Every structure is written in structure tokens, then in C-alpha cells.
Amino acid sequence: MFTLSRDEVRELDRRAINAFGVPGVVLMENAGRGCAELLMRLNPERKPVVILCGPGNNGGDGFVIARHLDNHGWPVKVWLLADAKKLTADAAVNCGVAKASGLVGDQPSVLDGWVVDALFGTGLSRALEEPHATWVAGINASRCPVLAIDIPSGLDCDTGEPLGPTVKAAHTATFVAHKRGFINTASKSWTGEVHVIDIGAPRVLVDEYRQKTGDRPA
């Protein structure tokens, strides 16, 4: 199985942007649109969607997802569980669009319908702290179906083991390839069904990593 480690994810993104000239905001747009299309297939009943966004690019993907769901008539709201001033540049762009579109609201007291976990991505390497640990507990207690973006928040990308409080997802929309930790069969309890989303990274670049990592042992 073709997999990427935490460092390889960072490296591939950096090379797509710097060596191939694909703007980061374009990669984010493609990622968010692909996730939205997946969620619309998973949620044909159009149940309400709550997207919980963190401060990094994972949160930025969440803002893009909200816009595309809204464009297709799905009921959706976004809650930013981070300081807006600390958003990455690309995430801030898409946060601004979501706010101007009326999609960003106050933090919910109750989760209902589908929940999108766009809190933290593959870069996380330590246990979640408050208030995010409490939010993860609330997500897991809600019994709502959860779509995790790239990786469930709290799960280690390289080992597939929880770093601490971790989101239990029914589905995970992961980008470019499975993550290294997904080889660990125990990760399935957290990821649910994994769907690989194309973010528009050049094929020649992706194939380089496919050839380098596809045959490595588990």
C-alpha cells in the first residue's frame, strides 16, 4: 500500500508549492472540494453538518468544505475552535470567505447531524490539550457520524496510535495517499473507512513517492 509519513507529507506539499508552482491555497481548495463531494455521497439525506476547524491548514480545508456544501444546498455551519489571528495564511483566506458567506457561527453546545473533524492534521505530534481535549470527548460522546479530514485529530500519523484524546471517526478523507500509521490495524478503530482524496499535486511528484514508499515493509 502506498503510504506517506508525517515528514513525507510536509515534503510533498512543500515541493508541490515551491518546485512545481502549485499555490498552497489551490491545494487546499482541491482538498476541501474533494472532501465535500465525499460527504455529499455519505450524507444523501442532507442531515445538518457541523465543521470544527482548528488553526492550521486542516482547519482551512474545513472552511472550503463548508463553502462547497453550502453551494450545493447542504445545511452547514462552521465553528472555529482557535484564535483567528493564529490561522495559517491559506486558512485565513478561506476563513474570510466562509465568514463573509455567513457560514461561521458561535461554538455549539450540542452536536447533531454529521460532524467534520478539521481540528488537527498529520503534523500533530503530541497529546491534545484543553480546550481541544474536551471537544474531542464531546465529539465522541455525541454519537454523530464523523468525517475526519486527513487523519482523526489526536492520532499519530506515523504509528497509527493515539497521542492522547483522539477523535473516533466513521470515515477519514485522507489526502494523496494512506498515512504510514494506517498500516497499523489498530488505527482502524479511529479512522473508520479511509477514502483517498486527490488534491491536484502533480502526478510525476506523487509517483516519485509512490515508487519510493509503496513497497516498504509494515
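The values are calculated or read from the model by the stated rules, or taken from the named source; none is laboratory data. Keep in mind that this is a model prediction, so the values were computed, not measured. Cβ sites come from the backbone with ideal geometry, for glycine too, and all protein chains shown count toward neighbours. In case anyone asks, the SASA skips ligands and DNA or RNA and just uses the protein heavy atoms, side chains included. Shrake-Rupley method; radii C 1.70, N 1.55, O 1.52, S 1.80 Å.
If packing is taken as the mean number of other Cβ atoms within 10 Å per residue, what is the order of 53-59, 1-7, 145-151, highest first?
Going from most to least packed, we get 145-151, 53-59, 1-7.
Got a number for carbon plus sulfur as a percent of the chain's accessible area, 1.4 Å probe?
51 percent
Over the stretch 94-148, what is the relative contact order in percent, taking alpha-carbon pairs closer than 8 angstrom and at least six residues apart?
Reported as a whole number, the value is 54 percent.
Which value, in debye to the nearest 20, describes the size of the charge dipole of the chain about its Cα centre when Lys and Arg Cβ atoms bear +1, Asp and Glu Cβ atoms bear -1, and nothing else is charged?
The dipole magnitude comes to about 140 debye.
Normalised by the number of residues in the stretch 3-213, what is the relative contact order in percent for Cα pairs under 8 Å and 6+ residues apart?
Relative contact order of the stretch 3-213: 22 percent.
Might you tell me the accessible area per residue for the stretch 3-213, computed with a 1.4 Å probe and given in Å²?
Accessible area per residue, the stretch 3-213: 43 Å².
Loop-only trypsin sites (Lys or Arg not before Pro) in the stretch 111-218, please: DSSP not H, G, I, E or B, and at most 16 other Cβ atoms within 10 Å.
Answer by residue number: ARG126, ARG143.
Using a ≥ b ≥ c from the Cα gyration tensor of the stretch 3-47 (square roots of the eigenvalues), is it rounded, prolate or oblate, where a/c under 1.5 gives rounded and otherwise the larger of a/b and b/c decides, a/b for prolate?
oblate
Can you tell me how the stretch 113-189 classifies by the Cα gyration tensor, rounded, prolate or oblate, using a/c under 1.5 as the rounded cut?
Since a/c reaches 1.5 but b/c is at least a/b, the shape of the stretch 113-189 is classed as oblate.
For the chain: lysine pairs with Cα atoms under 20 Å, gap of 8 or more or different chains, count?
Close lysine pairs found across the chain: 9.
Counting other Cβ atoms within 10 Å, which GluC sites (Glu not before Pro) in the stretch 23-88 have at most 14 and lie in a DSSP loop? Could the numbers behind the result be given before it?
Values: sites: GLU29, GLU37, GLU45; in loops: GLU45.
Counting only loop positions with at most 14 other Cβ atoms within 10 Å, the GluC sites (Glu not before Pro) in the stretch 23-88 are GLU45.
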